[in-house]
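Structure provided below as structure tokens; questions to follow.
The values are calculated or read from the model by the stated rules, or taken from the named source; none is laboratory data. Since the model is a prediction, treat every value here as computed from it, not as a measurement. FYI the Cβ positions are ideal-geometry reconstructions off the backbone, even for glycines, and counts take in every protein chain you see.
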Amino acid sequence: MIGEIWDLIILSPMINILIVVSGALFNNFGLAIIVLTLIVRGLTIPLSLKQLKSTKAMQELQPKMSELQKKYGKDKQKLAQEQMRLYKESGINPAGCLLPMLVQLPIWIALFQSIIRVLAVVPEDFLKLSGHLYTSWSQVFSLVPLNSSFLWLDLAVPDRFLVLPILVGGSMWLQQKMMTPKTGDPRQQAQAQMMLWVMPLMFAFLTLQFPSGLALYWVISNLISIGMQYFITGGWGGLTAQATTKPAGADKKYIKRLTVAQEKETDYADTEADIGADVGADIDSADVSSKEGARYQPSLRAMKRHPKKSKRPKRG
């Protein structure tokens, strides 16, 4: 049942679109994959922009997150509450960093299956392909099987010259590096370095196993992401940025809340000092005996302890 829904909604439409686009591009299946990549990334631009902004904001909040971990490291529940509060005040949704990748995951799987079926390397694949073609589109039957040659590549098999694995890994490393801020915290720096190399190496290894057509999609998609990051972040990001201690724009509400709390403490201290000074001046100016002046001392001590609740003593 799930397989039938998958074929009806995702796989069959992608197969027919690839065939028609390839026919419109002089039967060049490589160009069809590039055009499909541009279409997919164009449709997911809102999600991609949200991902880039969320990722950048999350990285800017790392100093504040480190402070929370130091303060509430032993109380996991309190730490989680404060982290969610920080996210909310900063207007950040942690899930926004993963949503575009989750949306593209079915496209990767469908493209992998489409390449295998459309190129029809073996007769069994050609028989499976016929079940996905739309009978209302008569031109699709005349276009299959497609030519798998593109530049030096055979899009149906992995790149034997290892050019695509290098391009996939290198472009993904560049994309990750642009989004990795420099930090003075050794632990954060170690984690960032690990993530910087794990994903590129993993995708480069997958490129050695998958058809070159899918690797071509990854390369073009990564290049588009690099261009978007360059214009959104205003430069090459982690490639040139230096460590900074300036407050991040995403956590202005958090900083504002801390500032307001500090101002309240300062106002309270100033009020206490002013009241104590006024009471002391009244005592000094009163022409009373030492015995009568002693009556003011308890009131002065009480006023310093409770400046808001105490009243100024009446003059004798």
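Against the definition (over 30 Å from Ser148 (Cα atoms) and touching a residue at least 12 places away in the same chain (Cβ under 8 Å)), how does Gly23 come out, yes or no? Even if it seems obvious, please write down each step before you answer.
Details: over 30 Å from Ser148 (Cα atoms): no; touching a residue at least 12 places away in the same chain (Cβ under 8 Å): yes.
For Gly23, the condition - over 30 Å from Ser148 (Cα atoms) and touching a residue at least 12 places away in the same chain (Cβ under 8 Å) - is not met.
Pick out the one residue from Met58, Met101 that is surrounded by fewer than 19 Cβ atoms within 10 Å (Cβ to Cβ) and under 11 Å from the mean Cα position of the chain (by Cα). Explain how you work it out, then say what you get.
Values: Met58 fails: surrounded by fewer than 19 Cβ atoms within 10 Å (Cβ to Cβ).
Sole residue among the options that is surrounded by fewer than 19 Cβ atoms within 10 Å (Cβ to Cβ) and under 11 Å from the mean Cα position of the chain (by Cα): Met101.
Based on what the data block shows, is Gln83 at negative phi and at pLDDT below 75? Can you show your working first?
Numbers: at negative phi: yes; at pLDDT below 75: no.
No; evaluated as a whole, the condition is false for this residue.
Kindly establish whether Leu52 is surrounded by fewer than 16 Cβ atoms within 10 Å (Cβ to Cβ) and closer than 20 Å to Leu223 by Cβ. Explain how you work it out, then say what you get.
On the way: surrounded by fewer than 16 Cβ atoms within 10 Å (Cβ to Cβ): no; closer than 20 Å to Leu223 by Cβ: yes.
Judged against the criteria, Leu52 is not a match.
For the range 119-170, enumerate the residues that are of a type in the set (Phe, Trp, Tyr) and without any contact (Cβ under 8 Å) to a residue 24 or more places away in the chain. Quick ask: steps written out before the conclusion?
Step one: filter the range 119-170 for residues of a type in the set (Phe, Trp, Tyr), giving 126, 134, 137, 141, 150, 152, 161.
Result: Phe126, Phe141, Trp152, Phe161.
Okay, moving on. So which helices (runs of 4 or more DSSP H) stay within the range 108-221 end to end and still have 2 or more residues that are over 16 Å from Val21 (Cα atoms), modelled with pLDDT under 85 and touching a Gly at 6+ places or on another chain (Cβ under 9 Å)? Steps first, please.
Numbers: elements: 123-130, 139-143, 163-178, 186-207.
Those helices (runs of 4 or more DSSP H) span 163-178, 186-207.
Is at least one residue of the range 143-152 farther than 15 Å from Met14 by Cα, over 40 Å from the mean Cα position of the chain (by Cα), exposed (fewer than 11 other Cβ atoms within 10 Å of the Cβ) and not aromatic (Phe, Trp, Tyr)?
Scanning the range 143-152 turns up no residue that is farther than 15 Å from Met14 by Cα, over 40 Å from the mean Cα position of the chain (by Cα), exposed (fewer than 11 other Cβ atoms within 10 Å of the Cβ) and not aromatic (Phe, Trp, Tyr).
Within the range 1-41, restricting attention to residues that are not polar (S, T, N, Q) and not in a helix (DSSP H, G or I), which residue is farthest from Ser212 (Cα to Cα)? First the steps, then the outcome.
Pass one, the range 1-41, residues not polar (S, T, N, Q): 1-11, 13-15, 17-21, 23-26, 29-36, 38-41.
Within this subset, residues satisfying the condition of being not in a helix (DSSP H, G or I) are 1, 25-26.
On the way: Met1: 30, Leu25: 19, Phe26: 20 Å.
Result: Met1.
Do we find a residue being out of contact with any Pro (no Cβ under 9 Å at 6 or more places or on another chain), small (Gly, Ala, Ser), touching a residue at least 60 places away in the same chain (Cβ under 8 Å) and in the same structural domain as Asn16 (by TED's automatic domain parsing) anywhere in the range 53-65?
The answer is yes, given that some residue of the range 53-65 is out of contact with any Pro (no Cβ under 9 Å at 6 or more places or on another chain), small (Gly, Ala, Ser), touching a residue at least 60 places away in the same chain (Cβ under 8 Å) and in the same structural domain as Asn16 (by TED's automatic domain parsing).
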